Every structure is written in structure tokens, then in C-alpha cells.
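Here is the structure we will look at, set down as C-alpha cells.
The values are calculated or read from the model by the stated rules, or taken from the named source; none is laboratory data. Model, not experiment: these values are computed from the prediction. Virtual Cβ from ideal backbone geometry, glycine too; neighbours counted across all protein chains shown. All accessible areas refer to the heavy atoms of the entire protein, side chains included, with ligands and DNA or RNA removed. Shrake-Rupley method; radii C 1.70, N 1.55, O 1.52, S 1.80 Å.
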Amino acid sequence: MALNRTDVEKIAHLARLQIDDNDVPEYAQNLSNILDLIGQMQNIDTSDIEPLAHPFDAVQRLRADKITELNQREHLQSVAPAVANGLFLVPKVIE
Amino acid sequence: MLNKTLAELAKGLEQGEFSSVELTQAYLERIKNEDSKYNSFITVTEELALQQATAADTSRAAGNATAMTGLPIAHKDIFCTEGVRTSAGSKMLDNFISPYDATVVRKFNAAGTVTLGKTNMDEFAMGSSNESSFYGPTRNPWDTDRVPGGSSGGSAAAIAAGLTPAATGTDTGGSIRQPAAFCNLTGLKPTYGRVSRYGMIAYASSLDQGGPMAHTAEDAAMMMNVMAGTDPLDSTSAERNVPDYTANLDAPLTGLKIGLPKEFFSARLDPAMATLIQTAVKEYEALGATIKEVSLPNTALSVPAYYIIAPAEASSNLSRFDGVRYGYRCEDPKDLEDMYKRTRGEGFGSEVKRRIMVGTYALSEGFYDAYYKKAQQIRRLIQQDFIRVLSEVDVIMGPTTPTPAFKLGEKTSDPVDMYMEDIFTLSLNLAGLPGMSIPCGMTNGLPVGLQIIGNYFAEEKLLNVAHKFQQATDWHTLKPAGL
């Protein structure tokens, strides 16, 4: 399966990745090769096979509804790029 | 005192031959003098190490020492370490000083080990050669023109070069076993859920598993005694008792049934390596084991299934790196979308971007059934193969890798070429089974790994099977020239 420039640009947008224009052909080629490799799966009949999402088909564990987390806001925000008054700052989204 | 195993060092500390501070200083000195050849560490935590060593010596003097007290180790830079940069080999986290410890790190600290530093790795554990690290490739101490394997290649190179006696690693598709094989080490990927993933930066959450890397099975067992166990902070950690992994290392192997999957001895396997694996199997026969040919017919499909499931999970896991709460943020973003796109475009390397895009594509509208669901169905077929075979034999053996360590740059032009390196290791992660790689010989001066696969939670058996081989052979004691 061959991906073209538009495909790569669309995927990169969905993944919110800026890709340099000059790099698009190489990504298109690499991704097409990977999809060819992955395509080998399509020859296998899996019509009656239940998908396996987790090795033990485990379900989410439950615990008592008690507060176990401490408030560590300042500590955790110490590694943030920009904060003010306990909030994470990002570029303006509403004019 | 260097060039010893953890078990030997533990004895030296216990008998007062040297202190933990002396031992730690000796390793720090060697890292300082030698690591420029290998680039195996991203961060050396000298101050922390000396603090921990001093505390360990104090604790020993007070009579409170336990099995690992004062032993130096290194952690793969994927395990969050409080107050220390935890980069996952990425520019994205180059400025990330972790505000908390991973459970694995916390447990080692509580056991009294000394953290020498954080080891180099493929970016976000995505790679089989350590060449995708933002901090530059790591070199194999057996031949510095060759890769140490990946993604735990920094841990492997550091141990092989004698810069640490042991280290932690993580294995999503072979990332403990393949570098162990390439660097003549013993590496164990435990059963999925045996070791907590809390604070271990996520790549593919249904496959990721942390484990030990060391010279011997005995050392790996000592580390497993610390690492394994249920963790309320990881809901996928297994709720099962942890045995003493060192207790049955010497159990006789009489009557052990070994399965050799014919698919592991395919045309892909280097013929000289096939001979070494067969010789190792004969050694097991001499130890009392019986051999049976078995079949894992879906082995080849593990590559395509893995390269859907892992990228799909990665594309979701890595969406958290958006420049908002921690890590890299691009300069002067003009709006939010520009910030997301440039932060991620500039912060991630090309292999990470490729896998995010493959995963995004596979999960996008209209393709889910053809890719993700199909891969999970194949995942079940692979698991069923193993369950069938492991009802007939105790362990499965074969090569860890199809070739010995390859040259830097040899497989970087076509990602698919690199992906095929993992053909013998991926299937265990898909099935969630434990596996080891142990040294079993040399070809043209390069180490060869024997892979041993066991049933769910059979780590104790695997370590026993590996230990008995290491009692009968001395491959694991070989060191690179000059060391």
C-alpha cells in the first residue's frame, strides 16, 4: 500500500506533528514499506478469532473510593513550561 | 573489586573487604574515564550515588543490611527518578526533572541500592539499536563499530563495559533480551504485570515490562526479588505472591522438557548461531533435559501484529507530550495548534514520529477493523500457539536474535529491515510470557544469546534453567578485550 504526500500530511495533522516539507517523501516511502509489512496480516483468516487486548483478558481492578492522592500542585507544576496562579499557561485560544 | 557479579560484590560488602562508598567511587571513576567510548550513560548521578552509598554503609554498620544493601546499579532512563532528569532518550524530556520515583526505583532505593546514573536508550524505547537516542548512539563494548542492541542498549553496554554490575531495562518487543544477547549478558523480561509499570514512561502499555539485566541468572534473581510484586499504582500489575527467586536456582534439571520451535531455526537465522544454539541444547541434555521439536506456526506474523499494536498504543500514550504541562515547548507559538505541532515536530525524533503516524493511521476512521482489530486477533493466535506448546514442554528454547550485533548505520535506512531484527522476541510480548536471554557462545568475536521462554509467572523456573547452564559453562564470564 503506497501513501502519497497528501496522506502523510493528513496523518501528521491528525497526530499534531509538524513535518518538514522536504521530509515528506521519505516518510511516505518508509510508511508505505511499513504498511506493506503489516499487510501480511490480511492473508490470514481470523473470522472466528476473538481479539486479544491484554494477555490475561484482565478487567480493571476496583478499589475503595477513598482519597489517596495528596495535593502536590506546586511540586508537579515545578516542571511546567509556563504557569501562573496554579494554572498552566498556553497561547490564547479565545479572542 | 570491579568486574564482579552482584552476588560477589554483596559478599565483599558483607565481609568488609570494601565499603559501598569505595565501591561506588570506583565505578564512578571508571564511568568518568571510560564512558566516552560507549556513551552508555545519559546522566551520571554522582552526588545521589555517594549519598546512598554512605547511607548503605551506615545501615550495614548498624546491622540492618539486606541482600542488596550498598550494591551499585544503573537505571534505564525510562524509569522516573525523583530530582533527576528522566529523558527517555528524547529531546522532548531533555529538561524533565522527574517530580517522583517509579515504583521500580522506589523499591531499589528501599532495598538500599546505589543509583550510579541513568542509561542511554532508543528514544521512548522505540528501536533495536540505540541509534534513535537524542543523546547519540551507544556503542557495543565488544566492538565499538557495532550497536549494543536496543532499546535498553545503554544498560547493556554499561554492564558489558564494567561501568555498573547490573541495570534495569524494559522490554516491549525484545528491548531487554536483544541487547543482553548482543552484549553477552543475562536479561529477563518477566511476565506482563509481574513488575510495576508505574513511573516507567509508557511506550505500548499492553506490552511494556521492566526487568533485570546483569552478568548472571543469580544476579537477575536478586534483582527480581526487589522488582517484582503487586503495585496499587499499576492496575495491570499481577496480584500474585512473589517467590524468593534465589531459592531454587540450583534445583536439578532432570526430566526438564525443552521445546525447540522449528520456526526459530528458519532461513533467517545465522548458521553459525544455529550451531551454537544446538550445542547449548546438547549441554541441557547432558544436564538431564529431554528435547522435542515443536511448532509456533504464527511466529512470522508477530512482526506485522506488533508493528500495529505497539504504534497504535504509542500514538495514544505519546499524545501527552503536548508542551503544556512538562517537557519541551517550541519557541513563540502563534496559537495552540502551532504549539502542539511544532513542540511535537521538534521534540520527537524521526523513528518516534514514524511510529506515531503508523499508529494514528491504523486507528483512524475506517481502518480500525483492518488493522488494530486484525492485529489483536493475530495476537490471540500467537498466544494460543504458546499455550498449546507450553502444555507439552516446560520451556521453549531458541535464538534471541537472527544475527549477532550489527554495525552502526547498517539498518537505519529502511525501518522494516530494523523491525525484522525482533522476529524471535516480539511474540512473547504479544502473548505476555516471560523470557530470558543468556550467553551461549561467540561467533567472529561477537556474543550469541540463547532465548529461554517459560509459562506465565515461571520466572523462577527460567532463572533456575539459566543458572544451571551458567554453572556448567563459562560463556557468561567472557569479557570484551581489554576488560
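Computed values, structure above
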read-out: Residue tally, condition within 14 Å of the chain's Cα centre (by Cα) and within 30 Å of B:Leu478 (Cβ to Cβ), over the stretch B:195-216; value: 8
read-out: Failed item, numbered, when B:Ile387 is tested on (1) over 21 Å from B:Lys461 (Cα atoms); (2) out of contact with any Asp or Glu (no Cβ under 7 Å at 6 or more places or on another chain); value: (1)
read-out: Given (1) in a loop (DSSP other than H, G, I, E, B); (2) open to solvent by 30 Å² or more (accessible area, probe 1.4 Å), index of the condition A:Ala80 fails; value: (2)
read-out: Evaluation of A:Ala15 against (1) surrounded by 14 or more Cβ atoms within 10 Å (Cβ to Cβ); (2) facing another protein chain (nearest Cβ under 8 Å); (3) farther than 23 Å from B:Gln376 by Cα; (4) of a type in the set (Gly, Ala, Ser) (one fails), failing number; value: (3)
read-out: Listing of strands (runs of 3 or more DSSP E) fully contained in the stretch B:387-456 that carry 1 or more residues being open to solvent by 20 Å² or more (accessible area, probe 1.4 Å) and farther than 23 Å from B:Leu253 by Cα; value: B:435-443
read-out: Residue that is surrounded by 10 or more Cβ atoms within 10 Å (Cβ to Cβ), under 30 Å from B:Gln377 (Cα atoms), acidic (Asp, Glu) and within 10 Å of another protein chain (Cβ to nearest Cβ), where the choices are A:Asp36, A:Asp48, A:Asp23; value: A:Asp36
read-out: Residue count, the stretch B:260-295 (criterion: of a type outside the set (A, V, I, L, M), over 19 Å from B:Thr401 (Cβ atoms) and open to solvent by less than 70 Å² (accessible area, probe 1.4 Å)); value: 4
read-out: Filter result (charged (D, E, K, R) and within 25 Å of B:Ser59 (Cβ to Cβ)) within the stretch B:6-46; value: B:Glu8, B:Lys11, B:Glu14, B:Glu17, B:Glu22, B:Glu29, B:Arg30, B:Glu46
read-out: Residue in the stretch A:26-44 that is assigned to a loop (DSSP other than H, G, I, E, B) and of a type outside the set (Lys, Arg) present; value: yes
read-out: Lone qualifier among B:Thr144, B:Thr58, B:Thr66, B:Thr86 - being over 19 Å from B:Gly173 (Cα atoms) and open to solvent by less than 10 Å² (accessible area, probe 1.4 Å); value: B:Thr86
read-out: Residue satisfying all of: in the stretch B:309-339; more than 8 Å from chain A (Cβ to nearest Cβ) and among the charged types (D, E, K, R); least open to solvent (accessible area, probe 1.4 Å) among these; value: B:Glu313
read-out: Selected residue (only one of B:Arg342, B:Arg354 is more than 30 Å from B:Pro99 (Cβ to Cβ), open to solvent by 10 Å² or more (accessible area, probe 1.4 Å), in a helix (DSSP H, G or I) and among the basic types (Lys, Arg)); value: B:Arg354
read-out: Among residues of the stretch B:296-307, those that are assigned to a loop (DSSP other than H, G, I, E, B) and crowded, with 20+ Cβ neighbours inside 10 Å, counted; value: 2
read-out: Filter result (away from chain A (no Cβ under 14 Å) and in a loop (DSSP other than H, G, I, E, B)) within the stretch B:176-200; value: B:Ile176, B:Cys183, B:Asn184, B:Leu185
